[in-house]
1. Answer with yes or no whether GLU88 is within 35 Å of the chain's Cα centre (by Cα) and of a type in the set (Asp, Glu).
2. All but one of (1) open to solvent by less than 40 Å² (accessible area, probe 1.4 Å); (2) closer than 24 Å to ILE707 by Cα; (3) not in a loop (DSSP other than H, G, I, E, B) hold for ASP560, so report the exception by its number.
3. Inspect all residues belonging to segment 287-310 and state whether any of them is part of a helix (DSSP H, G or I), surrounded by fewer than 18 Cβ atoms within 10 Å (Cβ to Cβ) and either touching a strand residue (DSSP E or B) at 6+ places or on another chain (Cβ under 7 Å) or at pLDDT 95 or above (or both).
4. Residues that are without any contact (Cβ under 8 Å) to a residue 24 or more places away in the chain, open to solvent by 30 Å² or more (accessible area, probe 1.4 Å) and of a type in the set (D, E, K, R): find the helices (runs of 4 or more DSSP H) completely inside segment 578-666 holding 3 or more of those.
5. Modelled with pLDDT of 95 or more and either open to solvent by 40 Å² or more (accessible area, probe 1.4 Å) or in contact with a Phe, Trp or Tyr (Cβ under 9 Å, 6 or more places away or on another chain) (or both): is that true of TYR531 in this structure?
6. Return the pairs, sorted by first residue and then second, in which the second residue is buried (at least 24 other Cβ atoms within 10 Å of the Cβ) and β-branched (Val, Ile, Thr), the first residue lies in segment 266-295 and is in contact (Cβ under 8 Å) with a residue 12 or more places away in the chain and closer than 13 Å to ASP255 by Cα, the beta carbons are less than 6 Å apart, and the residues are 6+ apart or on different chains.
7. Scanning segment 690-716 for residues that are more than 21 Å from ILE584 (Cβ to Cβ) and open to solvent by 20 Å² or more (accessible area, probe 1.4 Å), which turns out nearest to the chain's Cα centre (by Cα)?
8. Only one residue in THR350, THR308, THR396 is over 23 Å from GLU674 (Cβ atoms) and touching a residue at least 12 places away in the same chain (Cβ under 8 Å). Which one?
Amino acid sequence: MRTPLVFAGRLKKHFFKTLFLAGVIGFSLPCTSCSAATKPESQKKFGNDADYYIGLRLLGEGNENAAREKFKRCIKKGSARCAERSAEALCTFGNLQEKNAAAENLLKLYPGENSVLIAARQFSASDEINKLIQCTSGLDFTTAKNEIIRLRLEAMAKRGDSSYEAEVYRWFTECPISTEHYQFYRDTYVHPDFDGAYQNPDAAATLKYTPEQFAINYRIASYKRNYSYTMLCAPELIQFFEDGSLLPAPQLISDFGKNFLYGSMDFAKNAMHFRELAQKYAGTSAEFYFWFYAGRLFEKAGIYYQQTKNSFENAIASAQSPSQKDNALWYLLNTSLNFSINSIINSIGTYAQEWSDAEYFEDFFEQLVTALLAAGRWNEFGIIYKAIDGYASDLTTAQFAYIYGRLIQEGLANGTKQDETAAFKRACKGGSSVYYKMLAAYRLGLGKDPVELQKILCAPTGIREATAKTQEKQIDASFENLLMGYAYFGFPELIYPEWQKSQGENLSTETNYYLADFLAKCADPEKNDYYTQSLRIAARAQRNAEHRITREQLSHVYPDFYREYVSKYCSEYKMNESVMYALIRSESFFDADIMSSAGAVGLTQLMELTASDIARRFKISDYSLTDPETNIRFGTWYLGNLISRCDNSPLLGFFSYNAGITRVRRWLQSSLIEFGKKSNMPLDLFLETIPFAETREYGRKLISATIAYDWLDSPARFEETVETLLK
């Protein structure tokens with residue numbers, strides 16, 4: 001029996017020994033527990049697909065001839081996915097002629113983008129230029145993978161193809177510039193020495209180039225954020241548009257707008273220029289971008305609210321895609337928020353009915369929450385959650401509903417007990433608001449109703465509950481069979497890369513959780529393999545679930561990996577295990593080798609400076625933060641120390657871990673003033689006032705994870721857990 005917020009654990013003791021073999025593909029031998037995969041009953045279970053898995057093993061053992069026969073047999077008689085993977089495997093071994101022939105056969109049998117990429121790589125490696133160009137003909141540059149296009153253009157350059165320049169221009173103006181573009185421009189594309197001319201103005205006067213070459217260079221300079229140079233180029237680019245030498249391609253106009261936005265301080269003048277261009281190019285695909293950046297520039301000028309608003313409204317009217325419309329509408333809402341909260345409240349219901357992607361606006365509503373709380377506009381939360389219900393994301397609606405219910409409870413907002421209950425019930429619904437569902441369930445007293453509580457906590461997190469019951473999920477049986485075969489025949493390292501291609505959306509919930517469980521059992525704590533993959537599959541499976549998941553499945557979403565170390569050091573430093581698991585899960589997703597852009601390392605994401613201070617306290621001179629035991633020991637002590645300095649509040653300790661204890665104390669004082677309190681600030685409302693969205697979301701993740709971990713251990717302690725976290 002565990003004490004509150006402490007785990008006895010669900011340690012999984014089954015591990016598979018993975019042997020990595022040499023070769024083009026890093027396959028592994030089946031482990032001893034998968035040895036049945038070589039027996040007749042295993043072949044009977046997977047039918048002709050067994051030839052694919054046996055072929056993989058034979059290939060790993062170096063028996064290429066036998067492997068080839070197995071793959072060929074599976075191509076003829078296996079299911080769709082295993083047959084295609086067999087055809088792909090044949091492209092990876094043998095002599096040059098055999099691999100080229102296999103690539104041609106792959107294209108013939110499975111003429112999809114993945115096959116084209118595999119064949120293009122093979123033809124490029126073997127210098128089969130004509131075959132490469134032929135297999136990549138007819139590409140849609142706006143959707144094709146950049147690697148395929150780059151390989152095609154490199155081949156066309158070698159052949160001296162007459163269409164080469166035109167296709168290069170298409171690629172550089174129809175797609176966002178990527179590292180593939182830059183690599184090609186730097187290493188393959190022969191262009192005038194624009195950089196040299198930029199360094200030497202005298203040379204620029206004699207530089208010869210076509211309008212297309214100029215446009216390509218302009219896009220690369222924009223990609224490199226060389227704004228001083230692109231601003232010098234702007235008049236010539238517009239001249240090319242006006243004399244018809246270049247069409248105002250949307251990607252070019254988008255770069256043009258960004259360069260004015262970040263390359264000049266004369267915002268008002270530039271905004272008026274863009275407004276004139278929008279009127280000149282009315283009815284073209286460029287009109288949206290000119291209106292959009294006119295709005296951005298007017299907004300930067302700071303005193304032109306009506307002109308900003310009109311520009312974004314014209315951008316919305318001229319948008320040629322839902323994403324363009326949403327983008328302009330997002331900026332319109334933010335502009336209105338900066339100038340007038342009243343205008344937002346009065347029009348939010350109308351705007352909500354116009355957007356396409358509700359999740360795109362979640363960060364705007366995050367800003368609106370803090371603005372309303374800072375202004376003491378308590379009652380507006382009730383107005384807004386009712387206006388956006390059915391249009392905004394479930395997370396946003398649940399957030400506004402929960403806060404409104406809490407403000408009624410605190411006597412800050414007007415409303416009856418019925419209004420309060422209705423708000424909390426709305427917060428319990430929906431898919432992606434785990435934090436608000438948990439706290440609303442607590443406010444409704446559902447901790448005393450274990451059946452109803454489980455329904456809420458185990459609901460899918462990615463779709464509305466109302467549609468979850470009726471939504472028909474398309475299951476790809478052949479894909480399921482492929483992944484289950486990898487597990488059954490002992491190839492765990494092939495599961496996650498394959499699963500990533502669809503994020504498990506075309507797999508049943510049961511299959512996703514089987515794979516998550518299998519990878520967790522394959523993991524070796526000393527090597528840090530498969531833990532993170534297992535968790536990612538489980539978390540995504542909860543989002544994609546076509547029905548409520550079970551408590552056992554939820555335990556894969558909140559696993560207790562590294563239990564030996566967590567239990568040991570939580571006991572030593574008097575810390576709650578569920579709090580520590582929540583921290584590790586949220587900080588690193590149980591990836592012991594991860595390093596953040598800021599330099600935080602390992603499972604608990606410790607900074608080196610912090611770790612060195614802890615090491616001195618422990619009198620340790622030689623340590624590694626990527627070592628799971630060391631990292632958990634240091635992180636457990638550090639978080640426990642912060643919690644004790646925050647009046648034993650886990651939530652304030654979490655915030656201090658993320659942002660520093662001095663900041664947290666300052667934020668708490670500001671919130672007390674905003675709410676007109678001298679003490680006893682409700683911590684769930686305090687969370688909503690923190691000025692950084694990242695820190696607010698960090699707190700939500702850690703609170704909901706801690707509740708989930710403890711609920712999985714003992715549902716009866718749900719209310720006690722929430723009260724402990726929010727005290």
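1. So GLU88 passes the test.
2. ASP560 satisfies every listed condition except (3).
3. Taking every residue of segment 287-310 in turn, at least one turns out to be part of a helix (DSSP H, G or I), surrounded by fewer than 18 Cβ atoms within 10 Å (Cβ to Cβ) and either touching a strand residue (DSSP E or B) at 6+ places or on another chain (Cβ under 7 Å) or at pLDDT 95 or above (or both).
4. Fully inside segment 578-666 and qualifying: 608-618.
5. Yes.
6. ALA286/ILE253; TYR289/ILE253
7. ALA693
8. Sole residue among the options that is over 23 Å from GLU674 (Cβ atoms) and touching a residue at least 12 places away in the same chain (Cβ under 8 Å): THR308.
The values are calculated or read from the model by the stated rules, or taken from the named source; none is laboratory data. Bear in mind that the values here come from a model prediction, so they are computed numbers and not experimental data. FYI the Cβ positions are ideal-geometry reconstructions off the backbone, even for glycines, and counts take in every protein chain you see. Just so you know, the surface numbers come from the protein's heavy atoms only, side chains and all, with ligands and any DNA or RNA stripped out. Shrake-Rupley method; radii C 1.70, N 1.55, O 1.52, S 1.80 Å.
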